[in-house]
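K.L.:
Got a structure for you, written out below as structure tokens; questions coming shortly.
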Amino acid sequence: MWDELGIGPCDDPKAIRRAYAARLKKLDPDKDLAAFTRLREALEWALAETGDAAAQPFRPNRARPQHPEAAQDVLDDLGEPFPQPARDESRNYGLAISDDLVVSDIVADADSKWLDVAASDRALLGALESALGRRDAAAAMAFFYSAAATGAVPLHDAPALLDRLFALAVEDTKVERPAFRHLARTFGWDRAAPEQGATPELRQRVLARLAAEDWYDSLAATAAPRAPATRKQANLARLMLGRIGRYRTPRVDRVELKKRLDEFRTHEAWLCDRIDPAWANNLEKRWRRREIVWLVLLGLLPLVMLLNGIRLFVAEASAGTLSLGVIVAAPFVAAVLLWILKVLVTELYKLAKERPVTVTGPATVESVSGPPDDAEARLRWLEQRAELAYEAMYDAPAGSGSAAYYSDAKEFLYDAIALANRLGQVETAERLSRRLAHIKAVYRSQFI
Amino acid sequence: MIVGIDLGTTNSLVGVWRDGATVLIPNALGHTLTPSAVGLGEDGAILVGLPARERLPTHPALTAAAFKRYMGTDRLLFLGDKGFRPEELSALVLRSLKADAEAYLGEPIDEAIISVPAYFNDVQRKATKAAGALAGLKVNRLLTEPTAAALAYGLEAQVDDELLLVVDLGGGTFDVSLLHRFEGVMEVRATAGDSWLGGEDFVDAVVAAFQAGPGAGISVAPAALRRQVELAKRALSTGDSATISVVHDGKPIEWTLGREQFETISEPLLVRLRAPIERALRDARVDPDSLSRIILAGGASQMPAFRRLIARLFRRLPVYQISPEEVVARGAAVRAGMIAREVGLEETVMTDAAPFTLGIETLVQHGKLASERSHGIFMPIIERNTVIPASRSSVVTTVDNNQRAMNVKVFQGESRLVKDNILLGELNLKLPPGPAGRETVDVRFTYDSSGLLEVRATTLSTGRVETLVIEGNPGVMQPDEIARRLAGLAKLKLHPRDDTENRALIARAERLFEERLGDERATVGNALAIFIATLDRQIPDAIREARSGLSELLDSMDHSFFL
């Protein structure tokens, strides 16, 4: 590889680049692609050997920690109430900020004072902090848009703020769907980004919510009057949404219904405010009943055939008119019929045993002792585990150890918040969210 | 002679490398900026540039502009009842630029470097190349716009090893490129962008705000309104407020737009600038603080809100000593000089990067059963921001016993599933029968330095090679269609070049006539009638005199003229 570059082994990226440049000038990449490819590979290999940043896997910038207290200081200095986001009907976000420090031509303004964080910027960031603190997702989103559009948030700080904003918005079902989708699309959170290693679980949650919203929208679109769907599909969608079929199930395809129900189960946590899980359970019960009836009907035919065959066989045998062919064929036919019956009975047994699954939350918990079944007890259990993990975080060896406990604490709290929301315990959910934010702040400021 | 051409959404420029410096070539009117507009005159002849753009408010059905936005689609734009493809309209602009360059340099021009937005995809690039062919130019290479800007700045660099970030907000596209310049090599490290975000979108946003606010319920000719908004946008680059005035039912309607209000309206667009910048930095693994210069390019980068945003994101001042409107054309001229091996430029070599991930559709089998398959999985072959030219290959195998054919679908995009990516074309291979997994096919992607893709599939057992011909993609013209369209364009009557000035003046006077009311209108009408009568008499001296007279009159009345 070093020969390709025409130098001996060395660990100076500049020297390697110089050697590469010298070689590159001697060849025409368009004419001799193979030579260029070899040279390029040699360069990338050599740079990786030296540990040059350009050849390393990307580590996101560690954001400077955001201190809510600091933002509060700023606001105290200003001595003014927080600006509230303008509620403009035509747009779902937006905030006009007056900025005295805008200069028309930045080059003309030699002292470039506006590069500093101006007072209005600090007010805006303070307002954003305060909105994040009081868990007002809609206001926080409006402030963030304004801050991003005016550059009040510099590049370094944006990822950390976005993490907090999404952590808040994703849990808040009051944030309207178009607004949430717009937020995700604008800041590139609508796609899986493996290179953003800092918050994979949060990203997964955002993607899960977007997928759930998309699923719900497509369902609603199919259910809409005059939708380009067949009558059966539309009826199925309406049934899923609970608009029809309270007392009588309309004619829908069983397989399709089951498919929709299964899809709902994967999105349930995000949609339980719009589709009642009890209703889904009800539908599932109906589906199961139909399935059983269908299987029994299907089983009747082979059963009758089998019984009839045995009767004939016995009658013929006793009359002594049994031909050799029948003697040979009868066991096979009987075996086939028995096998069909067995399959049907197994299916029936499975159906009868299977109970509606209760999805416990978007995040899964792996635990040693296992959570209790009772929801209230489970909530307490989750909180307890989170606190234990948080304490362990301090005692763990720095680096990966504390990171693992931190991630545990976070996971347990996420689950607990989702559960509390489902149980309707708003205060508990809020308390837990505050705790989560605190733990995150502590981790970011002291452990990274 | 090779020229460098910046074929823009709003304006186009042509430049050349001459005597150790870049020279921008003026058009027949003496301007270096030629509006990318094409119109059809009453006499059936084609008008290109300023005369066409001035006619846009008065003859919207006979004029087309901003057609670069439709490059790579099969959308037809109509001039009167005649439909044109975006490539053809671009070719007409290119042809006019070529004529200007030939008149200026006094020698025939047959080759050109054309700049394209970095975020243009394969289809859009092929369309640009086709436009060059239609204009009778051999497109030596396509050059991405941010790279061009960096080349223009690279000439006057003081340090040898530097990281440059080019932020290019043009009329229709937004591009970010991170370049590394070292030892006479200009290397594109990462490219990101948004091909649907540009100055025209800011105009659209203001037009929408006008129609929602003061202009609610009244119908104003869209082209006239857009022109007024464009003017206001330009005025707001220097002033604190601008007035939009349109005539409706013989009554003038005025709307004063303050800078703050404009910035509030453009906020949703400004927000979208951030993600591509972050992505380029992340892909190149570069910390914002280690950038040595942030370069602004593109006409729309003159908006103060944009400059302020960029400066504040990076907490430092961007540079734009070279006019952002000219910088791309100057860079293209530098590149043209480099290709012609001009003295003084030999030392710079450049490599570009692939803006998108390219790959094929695959099927993943995770068990033995036919049901244990995931369909439509995207398999990247050339990852985005790989240095190009590049050639990479991947081996795929058959999944069914006795599979007789394989359908290789080529996609561009970043999503895991092909349904979220863009289909570029497909290739059908015939295979000898055999058990599943025995036949292997080597799929090789070769990406040349213009960002054009070639796909070759080799069946390893038979050695048969298939090369991709993009089929069924409406945005790409086949060679025979190019030939046909070329013949069609040759039939078009073009206005003589020396007539451009008169046509531009008439178009401008007609626009003023429609914009104004009362006495002013009458004055313009009379002057125009006299001028047209003089033209008919065909006495060169009289025409020259009349032209300067009318021109003076219009200058005194028209404060809303811009290039």
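K.L.:
Which pairs turn up if I take residues in the range B:195-208 that are at pLDDT below 90 and look for partners that are not hydrophobic (A, V, I, L, M, F, W, C) with beta carbon separation below 6 Å, at least 6 apart in sequence or on another chain?
P.N.:
B:Ser195/B:Tyr119; B:Ser195/B:Thr173
K.L.:
Another question, then. Within the range A:198-210, identify whether any single residue is at pLDDT below 80, within 13 Å of the chain's Cα centre (by Cα), in a loop (DSSP other than H, G, I, E, B) and more than 23 Å from A:Ser130 (Cα to Cα), and answer yes or no.
P.N.:
Checked the range A:198-210: no residue is at pLDDT below 80, within 13 Å of the chain's Cα centre (by Cα), in a loop (DSSP other than H, G, I, E, B) and more than 23 Å from A:Ser130 (Cα to Cα).
K.L.:
So, in the range B:427-458, how many residues would count as being open to solvent by 60 Å² or more (accessible area, probe 1.4 Å) and either closer than 15 Å to B:Val123 by Cα or part of a strand (DSSP E or B) (or both)?
P.N.:
5
Conditions tested, residue by residue: (1) closer than 24 Å to A:Gly242 by Cβ; (2) aromatic (Phe, Trp, Tyr).
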site	(1), (2)
A:Trp270	yes, yes
A:Asp273	yes, no
A:Asp276	yes, no
A:Ala280	yes, no
A:Trp287	yes, yes
A:Ile292	yes, no
A:Gly299	no, no
A:Leu303	no, no
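K.L.:
Mind checking whether some residue in the range A:245-259 is out of contact with any strand residue (DSSP E or B) (no Cβ under 9 Å at 6 or more places or on another chain), farther than 16 Å from A:Arg286 by Cα and not in a helix (DSSP H, G or I)?
P.N.:
No, because not a single residue in the range A:245-259 is out of contact with any strand residue (DSSP E or B) (no Cβ under 9 Å at 6 or more places or on another chain), farther than 16 Å from A:Arg286 by Cα and not in a helix (DSSP H, G or I).
K.L.:
Of all residues in the range A:35-65 being among the small types (Gly, Ala, Ser) and modelled with pLDDT of 85 or more, which is farthest from the chain's Cα centre (by Cα)?
P.N.:
Looking at residues that are among the small types (Gly, Ala, Ser) and modelled with pLDDT of 85 or more, I get A:Ala35.
K.L.:
If B:Lys138 meets every condition in (1) touching a residue at least 40 places away in the same chain (Cβ under 8 Å); (2) open to solvent by 30 Å² or more (accessible area, probe 1.4 Å) apart from one, which number is that one?
P.N.:
Only one criterion is unmet by B:Lys138, namely (1).
K.L.:
Another question about this same structure. Would you confirm, using the coordinates I've provided, whether A:Trp294 is in a helix (DSSP H, G or I) and open to solvent by less than 50 Å² (accessible area, probe 1.4 Å)?
P.N.:
no
K.L.:
Right, here's the next one. Considering only the range B:295-315, how many residues are closer than 29 Å to B:Val387 by Cα and surrounded by fewer than 20 Cβ atoms within 10 Å (Cβ to Cβ)?
P.N.:
1
K.L.:
Residues that are in contact with a Gly (Cβ under 6 Å, 6 or more places away or on another chain) and in contact (Cβ under 8 Å) with a residue 60 or more places away in the chain: does the range B:434-457 have at least one?
P.N.:
Checked the range B:434-457: no residue is in contact with a Gly (Cβ under 6 Å, 6 or more places away or on another chain) and in contact (Cβ under 8 Å) with a residue 60 or more places away in the chain.
K.L.:
Which is of a type in the set (Gly, Ala, Ser), under 19 Å from A:Val293 (Cβ atoms) and assigned to a helix (DSSP H, G or I), of A:Ala335, A:Ala352?
P.N.:
Result of the check over A:Ala335, A:Ala352: A:Ala352.
K.L.:
Condition first: open to solvent by 10 Å² or more (accessible area, probe 1.4 Å), modelled with pLDDT under 90, part of a strand (DSSP E or B) and basic (Lys, Arg). Can you find one or more residues in the range B:119-133 that meet it?
P.N.:
Checking the range B:119-133: not a single residue is open to solvent by 10 Å² or more (accessible area, probe 1.4 Å), modelled with pLDDT under 90, part of a strand (DSSP E or B) and basic (Lys, Arg).
K.L.:
Looking only at residues that are in contact with a Phe, Trp or Tyr (Cβ under 9 Å, 6 or more places away or on another chain) and crowded, with 19+ Cβ neighbours inside 10 Å in the range A:30-50, which one is nearest to the other protein chains (Cβ to nearest Cβ)?
P.N.:
Once the filter is applied, the top-ranked residue is A:Arg40.
K.L.:
Of the conditions (1) surrounded by fewer than 24 Cβ atoms within 10 Å (Cβ to Cβ); (2) more than 10 Å from every other protein chain (Cβ to nearest Cβ); (3) within 25 Å of B:Ile5 (Cα to Cα); (4) among the hydrophobic types (A, V, I, L, M, F, W, C), B:Val319 fails just one. Which one is it?
P.N.:
Every condition holds for B:Val319 apart from (2).
K.L.:
Just checking: which of the strands (runs of 3 or more DSSP E) contained wholly in the range B:180-294 hold 1 or more residues that are open to solvent by 30 Å² or more (accessible area, probe 1.4 Å) and either among the hydroxyl-bearing types (Ser, Thr, Tyr) or more than 14 Å from chain A (Cβ to nearest Cβ) (or both)?
P.N.:
B:241-248, B:251-258
K.L.:
Does B:Asn473 satisfy the criteria of being modelled with pLDDT of 85 or more and of a type in the set (S, T, N, Q)?
P.N.:
The answer is no for B:Asn473.
K.L.:
Take the conditions open to solvent by less than 20 Å² (accessible area, probe 1.4 Å), in contact with an Asp or Glu (Cβ under 6 Å, 6 or more places away or on another chain), in contact (Cβ under 8 Å) with a residue 12 or more places away in the chain and away from every other protein chain (no Cβ under 14 Å) and apply them to A:Ala152. Does it pass?
P.N.:
Against the criterion (open to solvent by less than 20 Å² (accessible area, probe 1.4 Å), in contact with an Asp or Glu (Cβ under 6 Å, 6 or more places away or on another chain), in contact (Cβ under 8 Å) with a residue 12 or more places away in the chain and away from every other protein chain (no Cβ under 14 Å)), A:Ala152 does not qualify.
K.L.:
Something else now. Considering A:Gly299, A:Gly245, which residue is touching a Leu at 6+ places or on another chain (Cβ under 9 Å) and at pLDDT below 85?
P.N.:
Of A:Gly299, A:Gly245, the one residue that is touching a Leu at 6+ places or on another chain (Cβ under 9 Å) and at pLDDT below 85 is A:Gly245.
K.L.:
Among what's in the range B:9-28 and is open to solvent by 10 Å² or more (accessible area, probe 1.4 Å) and outside any loop (DSSP other than H, G, I, E, B), pick the residue that is nearest to B:Met338 (Cα to Cα).
P.N.:
Once the filter is applied, the top-ranked residue is B:Trp17.
K.L.:
Look at B:Lys419 and say whether it is away from every other protein chain (no Cβ under 14 Å), open to solvent by 20 Å² or more (accessible area, probe 1.4 Å), under 30 Å from B:Ala192 (Cβ atoms) and out of contact with any Ser or Thr (no Cβ under 9 Å at 6 or more places or on another chain).
P.N.:
When the stated conditions are applied, B:Lys419 does not pass them.
K.L.:
I need the full set of residues from the range B:75-90 which are surrounded by fewer than 18 Cβ atoms within 10 Å (Cβ to Cβ) and in contact with a helix residue (DSSP H, G or I) (Cβ under 6 Å, 6 or more places away or on another chain), in order please.
P.N.:
B:Gly80
K.L.:
Still on this model: Please count how many residues of the range B:513-544 are assigned to a helix (DSSP H, G or I), open to solvent by less than 90 Å² (accessible area, probe 1.4 Å) and of a type outside the set (Val, Ile, Thr).
P.N.:
Matching residues across the range B:513-544 total 15.
K.L.:
Within the range A:108-149, restricting attention to residues that are surrounded by fewer than 17 Cβ atoms within 10 Å (Cβ to Cβ) and either within 7 Å of chain B (Cβ to nearest Cβ) or at pLDDT 80 or above (or both), which residue is farthest from the chain's Cα centre (by Cα)?
P.N.:
The extreme case among them is A:Ser112.
K.L.:
Now for a separate question. Of all residues in the range A:16-29, which are at the interface with chain B (Cβ under 10 Å from one of its Cβ atoms), open to solvent by less than 30 Å² (accessible area, probe 1.4 Å) and modelled with pLDDT of 85 or more?
P.N.:
Listed by number, the residues that qualify are A:Arg17, A:Ala19, A:Tyr20, A:Ala21, A:Leu24.
K.L.:
Name the residues in the range B:295-322 that are in a strand (DSSP E or B) and either at positive phi or among the β-branched types (Val, Ile, Thr) (or both), would you?
P.N.:
B:Ile295, B:Val319
K.L.:
Do we have B:Val328 as away from chain A (no Cβ under 14 Å), farther than 22 Å from B:Ala275 by Cβ and β-branched (Val, Ile, Thr) here?
P.N.:
Criteria met by B:Val328.
The values are calculated or read from the model by the stated rules, or taken from the named source; none is laboratory data. None of the values given here were measured: they were computed from a predicted structure. Every residue, glycine as well, gets a Cβ built from its backbone with ideal geometry; the counts of neighbours run over all protein chains shown. Ligands, DNA and RNA are excluded from the accessible area calculation, which covers all protein heavy atoms including side chains. Shrake-Rupley method; radii C 1.70, N 1.55, O 1.52, S 1.80 Å.
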